[in-house]
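Enquirer: Okay, handing you the structure first.
The values are calculated or read from the model by the stated rules, or taken from the named source; none is laboratory data. Keep in mind that this is a model prediction, so the values were computed, not measured. As a convention, Cβ positions derive from the backbone with ideal geometry for all residues, glycine included, and neighbour counts pool all protein chains shown. The accessibility values were calculated without ligands, DNA or RNA, using every heavy atom of the protein model including side chains. Shrake-Rupley method; radii C 1.70, N 1.55, O 1.52, S 1.80 Å.
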Amino acid sequence: MKKSLLTTAAILPFLLCPAAANAQSDTSDEADQAGEAQPKADAQADGAGGMIIVTATRREESLQKVPVAVTAVSTEVLTTSGVEQVRSLNQVVPGFNGGRNQNVMQPSIRGVGSSGTSVGDESNVAVYVDGVYQGDPYSTQIDLVEISRVEVLRGPQGTVFGRNATGGLVNVVTPDPQFTPRARIKGSWGRLREDANNFDIRAYVTGGLTDTIAADLAVLYRNQDGYATNLLNGGAVGDTEIASIRSKLLFQPSDQAEFILTVAYVDTHEEIAATAQPFEGNSLGAQFAGAIIPDEPWEISNFAFGTAGLSDFTRLDIALKGQLDLGGVILESTSSYMRTRVHQIADSDSTNILLGETNMRVKPDTFTQELRLISDNGSPLSWTAGVYYYQLKGEQPLILINRRDVATPVTPITIEPEVENSSIAAFVEGTYDLTPSLSVTLGGRYTTETRKFSQRINGNQLFTDAEEDFDKFTYRVAVQYEASPDLNLYATYGTGFKSGTFNTFGTSNVAVEPETIEAIEFGIKSDPLPWLRANLATFYYTYDNLQVTARAANNAFVLQNAASAEIYGGELELAAEPIVGLNLRAAIAYTHAEYDEFSNAQVFIPQAGGGNMVSSADASGNQLVRTPEFTLTLGGRYTFDAFDGEAFIGGNLFHSSAVYYDYLNIFSQDSYELLSAEIGWTSPDDDLTFRIFSKNLTNAAVAQQISPGPLAAYIIYERPREVGASLEFRF
C-alpha cells in the first residue's frame with residue numbers, strides 16, 4: 001500500500017491537466033439543484049413514458065432519440081434483479097453475457113467478446129466508469145455500490161468511444177457530489193447452503209464543503225462464508241471478502257468551469273477458484289487411487305498439496321475530469337491512472353490428485369488521457385471531436401505445474417512475461433439535421449498502436465522487446481428519421497477494430513492479427529401508448545480474425561485467430577406502467593452466431609479414463625462460445641400504499657438457451673432460468689426501507705464458467721440460492 005501511495009503521488013502532476021465547465025442539459029441542472037432529485041430520476045430509468053438521459057454518444061441525449069441500441073438500467077432494477085456486479089447484467093440486458101474466467105471478466109455482446117487471459121489483452125466489450133476506460137481485463141470486476149444508472153451499448157462503437165469496443169460497451173455512471181446533504185446506509189444479511197452467511201454493508205454520503213466545493217464518499221464491505229462442500233477435508237469453501245471505498249471531490253469555481261477528482265480503492269479476497277469441480281466427472285485425476293470426484297453441484301475436492309484456490313485482487317483508481325465552457329464549444333478532459341494487483345492459484349484437474357496447478361500474479365499499470373471538444377450552439381450541426389492516449393505496462397509471472405501421472409516428478413515451469421502497450425487515436429463525429437425530422441450522422445476514428453513483449457522461461461530470456469505496430473481507421477454512418485414525437489427510426493453501418501496482441505503464456509514473438517467487424521443495424525424506438533415503451537433492434541455482423549484463447553497441451557494457453565464469423569439477430573425491449581405503481585419489463589434477444597471459417601480450432605476430446613485429448617479440428621458452422629441463441633427477461637415491481645407508507649413486491653426471471661464453452665460445442669451449460677424476488681416496505685417520510693429478498697430462488701445450478709483443458713474440464717457454478725433481508729436508512 002505504501003508503494004501504491006508513492007506511485008500515486010508521482011503521477012498526480014500529470015493528472016492535473018487543465019479543463020472544466022458545466023455543460024449539462026436542463027434535466028441534469030434540475031437534478032443538481034436538489035439533493036433528492038437524482039434518486040427520483042434514477043427510479044424512472046426503466047419505466048415507460050419518462051425521459052431517460054444517457055451519454056451513449058459522449059453527450060447527454062434522450063434514450064429514445066439516440067440512434068444506438070442502448071439499455072439504461074436503474075438502481076431499482078438492479079436491486080430487484082439481484083445484480084451486484086457488471087458481469088451479472090445479462091439478467092436484465094438483452095444480448096449481454098457476463099463471462100468470467102476466475103479473476104478475468106470476459107463479457108460478450110451479441111456474440112462478440114474476448115476470451116483472453118493475457119495481461120494487456122483487453123476485452124472487446126469496453127467497460128467505462130463515469131466515462132473512464134477500464135482497459136485491463138483484470139480490473140473490470142466492478143461492484144455496483146452507489147450508481148445513477150448502467151448503460152449498455154450494443155454493437156461496435158468505433159468512433160467517440162472507439163478503443164476495443166468492437167462488441168459494444170458498458171458505462172457505469174455514478175452520481176456526482178451534490179451541495180445539498182444526502183446520506184444512506186444499507187445493511188443486508190443473506191443465508192446460503194452449508195449455513196453460509198453473507199453480510200453486506202453499503203453507505204453513501206454527499207454534501208457541500210464550501211460554496212464551490214462538494215464531496216461524496218461511497219463504501220462497501222461484504223463478507224460471505226463458503227458455500228461449496230469440501231469432500232476432502234470437511235467444512236465449506238468459497239469465502240468472499242470485499243472492501244472498497246470511492247470518493248469524489250467536486251470543484252465549481254464558476255458557472256463555466258467544473259472539476260471532479262475521483263479516488264477509489266478496492267481489496268477483494270475470493271475463493272472462487274477453490275469452488276472448481278470436474279465438469280461431469282471429466283478429470284484425469286479420476287484414474288488414480290484415492291481420487292475424490294464430486295458428483296453434485298457445489299462440491300469440491302481440490303484442496304490437496306496446499307492448493308487453496310486463491311483469487312486475491314486489489315485496485316487503485318485515480319481520475320480527474322474537467323469541463324470548460326468556451327462559448328458555443330465545451331472542452332472536456334479526462335485523465336486516469338489505475339494500478340491492479342492480482343494473485344490467483346487454481347487446480348487444473350480439480351481433484352485431490354496433484355496433476356496441474358497455476359500460480360499466477362498479474363501486475364498492470366494503466367494511464368489514459370482524453371481531450372474532447374463538444375459543440376453547444378444549438379445549430380443543425382452537433383459534433384464531437386477529440387484525441388485519446390492509452391498506455392499499459394504489465395507483468396504476469398506464472399508458476400505452472402503439468403503432469404499426467406502421479407509417478408512423474410513435480411517440475412514447475414516459471415513464465416515471466418512483460419508487456420507494454422501504447423496507443424493514440426483521433427476521432428470526430430457529427431450529426432446534421434437535414435430537416436426537423438431527418439438527420440445524418442458521420443463519424444471516424446484513426447488509431448495507431450504499438451505493443452511490446454518480452455518473455456523469460458525458467459529464468460532464460462527467450463527474446464526482448466518483440467514489437468508490433470497496428471493502425472486502423474474505423475467509421476460509422478447513421479440515418480435517423482423521427483416519424484412522430486413517439487416514433488423514431490434509425491439505420492446504422494459501423495466498423496470496429498481490436499489491435500493484434502501477444503500471447504504472454506507462449507514462446508512466440510509474433511502477435512496475432514487484429515480483429516475487425518462490420519455491422520449493419522436497423523432500429524425502432526417507440527412510445528406507442530402513454531404507458532408503454534417498445535424498442536426493437538435488428539443487426540447483421542461480419543466478424544473477421546476473431547482472437548480466441550484455449551488451453552494448450554502443456555496446460556498454459558494458446559492464442560489464435562479464428563478466420564471469421566457470421567452473426568445476426570435482434571432484440572425487443574418492452575417497458576410498461578399500465579396502472580399507477582406497477583412497472584413491468586420484458587426483453588427478448590435472438591442471436592444467430594456461428595464460426596463461418598475456423599479450420600484449425602484448438603479442441604478437446606473427452607477421454608474414457610478422464611481428461612481430454614488436445615487436437616486441432618474444423619469448428620466451422622459451430623456456435624460461438626458464451627453466446628446463447630435465445631434469452632428472455634421478465635421483471636416487474638408493484639408499489640402500493642400500506643401502513644401509512646409504501647409497500648412493494650417485485651421480481652425478475654431470466655431464461656437462457658444453451659451456452660457453449662468450447663469450439664466443438666461439446667462442453668455446455670444447458671438451458672436454464674434464474675429467478676429473484678423481493679418484498680418490502682418504505683416508511684411514510686421515505687427515510688427507512690425494509691426488504692426481504694431471494695436470489696436464485698429455485699437454487700439452479702448454473703455455470704459461471706466451464707474451462708476444458710488437457711487434464712480436465714472444470715466448472716465453477718454461480719452462487720446457490722440466497723435468502724435474506726436488508727434495512728436501509730436515508731438521511
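Enquirer: Answer yes if at least one residue in the range 402-417 is among the basic types (Lys, Arg) and either without any contact (Cβ under 8 Å) to a residue 12 or more places away in the chain or more than 18 Å from residue 711 (Cα to Cα) (or both), and no otherwise. Show your work before the answer.
Expert: The first filter runs over the range 402-417 and keeps only residues among the basic types (Lys, Arg), leaving 403-404.
Filter once more, keeping what is either without any contact (Cβ under 8 Å) to a residue 12 or more places away in the chain or more than 18 Å from residue 711 (Cα to Cα) (or both): none.
Looking for residues that are among the basic types (Lys, Arg) and either without any contact (Cβ under 8 Å) to a residue 12 or more places away in the chain or more than 18 Å from residue 711 (Cα to Cα) (or both), one finds none in the range 402-417, hence no.
Enquirer: State yes or no: is residue 90 touching a residue at least 40 places away in the same chain (Cβ under 8 Å) and either open to solvent by less than 10 Å² (accessible area, probe 1.4 Å) or not in a helix (DSSP H, G or I) (or both)?
Expert: Numbers: touching a residue at least 40 places away in the same chain (Cβ under 8 Å): yes; either open to solvent by less than 10 Å² (accessible area, probe 1.4 Å) or not in a helix (DSSP H, G or I) (or both): no.
Against the criterion (touching a residue at least 40 places away in the same chain (Cβ under 8 Å) and either open to solvent by less than 10 Å² (accessible area, probe 1.4 Å) or not in a helix (DSSP H, G or I) (or both)), residue 90 does not qualify.
Enquirer: A further question follows. Taking the criterion of being farther than 21 Å from residue 323 by Cα, in contact with a Gly (Cβ under 9 Å, 6 or more places away or on another chain), of a type in the set (S, T, N, Q) and part of a strand (DSSP E or B), would at least one residue in the range 244-257 satisfy it?
Expert: For the range 244-257, residues farther than 21 Å from residue 323 by Cα, in contact with a Gly (Cβ under 9 Å, 6 or more places away or on another chain), of a type in the set (S, T, N, Q) and part of a strand (DSSP E or B): absent.
Enquirer: Only one of (1) among the β-branched types (Val, Ile, Thr); (2) surrounded by fewer than 17 Cβ atoms within 10 Å (Cβ to Cβ); (3) more than 29 Å from residue 342 (Cβ to Cβ) fails for residue 206. Which number is that?
Expert: (2)
Let's see how each residue does on (1) farther than 30 Å from residue 668 by Cα; (2) touching a residue at least 12 places away in the same chain (Cβ under 8 Å); (3) under 25 Å from the mean Cα position of the chain (by Cα); (4) open to solvent by less than 30 Å² (accessible area, probe 1.4 Å):
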{"position": "282", "(1), (2), (3), (4)": "no, yes, no, yes"}
{"position": "327", "(1), (2), (3), (4)": "yes, no, no, no"}
{"position": "331", "(1), (2), (3), (4)": "yes, yes, no, no"}
{"position": "358", "(1), (2), (3), (4)": "no, yes, yes, yes"}
{"position": "363", "(1), (2), (3), (4)": "yes, yes, yes, no"}
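Enquirer: Need the failing condition index for residue 315 against (1) touching a residue at least 12 places away in the same chain (Cβ under 8 Å); (2) surrounded by fewer than 18 Cβ atoms within 10 Å (Cβ to Cβ), just the number.
Expert: Going through the list (1) touching a residue at least 12 places away in the same chain (Cβ under 8 Å); (2) surrounded by fewer than 18 Cβ atoms within 10 Å (Cβ to Cβ), residue 315 breaks only (2).
Enquirer: Can you spot a residue in the range 573-588 that is in a strand (DSSP E or B), over 30 Å from residue 80 (Cα atoms), out of contact with any Cys (no Cβ under 8 Å at 6 or more places or on another chain) and without any contact (Cβ under 8 Å) to a residue 60 or more places away in the chain? Quick ask: steps written out before the conclusion?
Expert: Here is the first cut: in the range 573-588, the residues in a strand (DSSP E or B) are 573-576, 582-588.
Cutting the leftovers down to over 30 Å from residue 80 (Cα atoms) gives us none.
The answer is no; no qualifying residue exists.
Enquirer: Right, here's the next one. Taking the condition of being in contact (Cβ under 8 Å) with a residue 60 or more places away in the chain and open to solvent by 40 Å² or more (accessible area, probe 1.4 Å), how many residues in the range 239-250 meet it?
Expert: Going residue by residue through the range 239-250, those that are in contact (Cβ under 8 Å) with a residue 60 or more places away in the chain are 242, 244, 246, 248-250.
This time we only want the ones that are open to solvent by 40 Å² or more (accessible area, probe 1.4 Å), so: 246, 249.
Within the range 239-250, residues that are in contact (Cβ under 8 Å) with a residue 60 or more places away in the chain and open to solvent by 40 Å² or more (accessible area, probe 1.4 Å) number 2.
Enquirer: Please state which one of 320, 354 is of a type outside the set (Lys, Arg), part of a strand (DSSP E or B) and over 16 Å from residue 716 (Cα atoms). Steps first, answer last, please.
Expert: On the way: 354 fails: part of a strand (DSSP E or B).
So the residue among 320, 354 that is of a type outside the set (Lys, Arg), part of a strand (DSSP E or B) and over 16 Å from residue 716 (Cα atoms) is 320.
Enquirer: Now for a separate question. Could you look through the range 261-298, keep only residues that are touching a strand residue (DSSP E or B) at 6+ places or on another chain (Cβ under 8 Å) and β-branched (Val, Ile, Thr), and pick out the one that is farthest from residue 323 (Cα to Cα)?
Expert: Result: 293.
Enquirer: Just the residues that are surrounded by 17 or more Cβ atoms within 10 Å (Cβ to Cβ), within 19 Å of residue 88 (Cβ to Cβ) and among the acidic types (Asp, Glu), please, taken from the range 639-679.
Expert: Residue satisfying the conditions is 678 alone.
Enquirer: Continuing with the same structure: Quick check on the range 134-153: of everything there that is open to solvent by 10 Å² or more (accessible area, probe 1.4 Å) and not in a loop (DSSP other than H, G, I, E, B), which residue is nearest to residue 97 (Cα to Cα)?
Expert: Only one residue tops the list, namely 143.
Enquirer: Also: For the range 394-408, does any single residue satisfy the condition of being over 25 Å from the mean Cα position of the chain (by Cα), open to solvent by 50 Å² or more (accessible area, probe 1.4 Å) and among the charged types (D, E, K, R)?
Expert: Yes; the residues of the range 394-408 include at least one that is over 25 Å from the mean Cα position of the chain (by Cα), open to solvent by 50 Å² or more (accessible area, probe 1.4 Å) and among the charged types (D, E, K, R).
Enquirer: Can you find a residue that is of a type in the set (Phe, Trp, Tyr) and either open to solvent by less than 20 Å² (accessible area, probe 1.4 Å) or in contact with a Gly (Cβ under 9 Å, 6 or more places away or on another chain) (or both) anywhere in the range 210-224? Steps first, answer last, please.
Expert: So the first thing to find is which residues in the range 210-224 are of a type in the set (Phe, Trp, Tyr), and the list is 221.
Those left that are additionally either open to solvent by less than 20 Å² (accessible area, probe 1.4 Å) or in contact with a Gly (Cβ under 9 Å, 6 or more places away or on another chain) (or both): none.
Looking for residues that are of a type in the set (Phe, Trp, Tyr) and either open to solvent by less than 20 Å² (accessible area, probe 1.4 Å) or in contact with a Gly (Cβ under 9 Å, 6 or more places away or on another chain) (or both), one finds none in the range 210-224, hence no.
Enquirer: Hey, any hits in the range 436-443 for a residue that's surrounded by fewer than 15 Cβ atoms within 10 Å (Cβ to Cβ), within 33 Å of the chain's Cα centre (by Cα) and under 30 Å from residue 156 (Cβ atoms)?
Expert: Just the residues of the range 436-443 that are surrounded by fewer than 15 Cβ atoms within 10 Å (Cβ to Cβ), to begin with: 436-438, 440.
Restricting the remaining residues to those that are within 33 Å of the chain's Cα centre (by Cα) gives 440.
With the extra rule that they be under 30 Å from residue 156 (Cβ atoms), the set shrinks to 440.
Yes, the conditions are met somewhere in the range 436-443.
Enquirer: Of the numbered conditions (1) out of contact with any helix residue (DSSP H, G or I) (no Cβ under 8 Å at 6 or more places or on another chain); (2) open to solvent by less than 10 Å² (accessible area, probe 1.4 Å), residue 104 fails exactly one; give the number of that condition.
Expert: Of (1) out of contact with any helix residue (DSSP H, G or I) (no Cβ under 8 Å at 6 or more places or on another chain); (2) open to solvent by less than 10 Å² (accessible area, probe 1.4 Å), only one is false for residue 104: (1).
Yes/no per residue for (1) open to solvent by 20 Å² or more (accessible area, probe 1.4 Å); (2) of a type in the set (Ser, Thr, Tyr); (3) at pLDDT below 95:
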site: 562; (1), (2), (3): no, no, yes
site: 573; (1), (2), (3): yes, no, no
site: 576; (1), (2), (3): no, no, no
site: 583; (1), (2), (3): yes, no, no
site: 589; (1), (2), (3): no, no, no
site: 609; (1), (2), (3): yes, no, yes
site: 619; (1), (2), (3): no, no, no
site: 637; (1), (2), (3): yes, no, no
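Enquirer: Follow-up. Considering only residues of the range 468-498 that are more than 29 Å from the chain's Cα centre (by Cα) and open to solvent by 70 Å² or more (accessible area, probe 1.4 Å), which is nearest to residue 156 (Cα to Cα)?
Expert: The selected residue is 481.
Enquirer: Now for a different question. If you take the residues of the range 543-560 that are in contact (Cβ under 8 Å) with a residue 60 or more places away in the chain and of a type in the set (A, V, I, L, M), which of them is most open to solvent (accessible area, probe 1.4 Å)? Before the answer, list the steps.
Expert: Of the range 543-560, the ones in contact (Cβ under 8 Å) with a residue 60 or more places away in the chain are 543, 547-557, 559.
Subset that is of a type in the set (A, V, I, L, M): 548, 550, 552-553, 556, 559.
On the way: 548: 11, 550: 12, 552: 12, 553: 67, 556: 3, 559: 24 Å².
Across the range 543-560, the extreme among qualifying residues is 553.
Enquirer: Which strands (runs of 3 or more DSSP E) does the range 471-562 wholly contain that include 3 or more residues that are of a type in the set (Ser, Thr, Tyr)? Please lay out each step first, then the result.
Expert: Working: elements: 487-498, 515-529, 532-551.
So the answer is 487-498, 532-551.
Enquirer: Quick check: anything in the range 609-626 outside any loop (DSSP other than H, G, I, E, B) and within 24 Å of the chain's Cα centre (by Cα)? Show your work before the answer.
Expert: The initial filter retains those residues of the range 609-626 that are outside any loop (DSSP other than H, G, I, E, B), namely 612-617, 623.
Now drop any that are not within 24 Å of the chain's Cα centre (by Cα), which leaves 623.
Yes, the range 609-626 has at least one match.
Enquirer: For the range 160-172, indicate whether the set of residues that are open to solvent by 20 Å² or more (accessible area, probe 1.4 Å), touching a Lys or Arg at 6+ places or on another chain (Cβ under 8 Å) and outside any loop (DSSP other than H, G, I, E, B) is non-empty.
Expert: Going residue by residue through the range 160-172, those that are open to solvent by 20 Å² or more (accessible area, probe 1.4 Å) are none.
Taking every residue of the range 160-172 in turn, none turns out to be open to solvent by 20 Å² or more (accessible area, probe 1.4 Å), touching a Lys or Arg at 6+ places or on another chain (Cβ under 8 Å) and outside any loop (DSSP other than H, G, I, E, B).
Enquirer: Taking the options 260, 272, name whichever one is under 19 Å from residue 129 (Cα atoms) and either buried (at least 17 other Cβ atoms within 10 Å of the Cβ) or at pLDDT below 95 (or both). Show your work before the answer.
Expert: On the way: 272 fails: under 19 Å from residue 129 (Cα atoms).
Result: 260 is the single residue among 260, 272 that is under 19 Å from residue 129 (Cα atoms) and either buried (at least 17 other Cβ atoms within 10 Å of the Cβ) or at pLDDT below 95 (or both).
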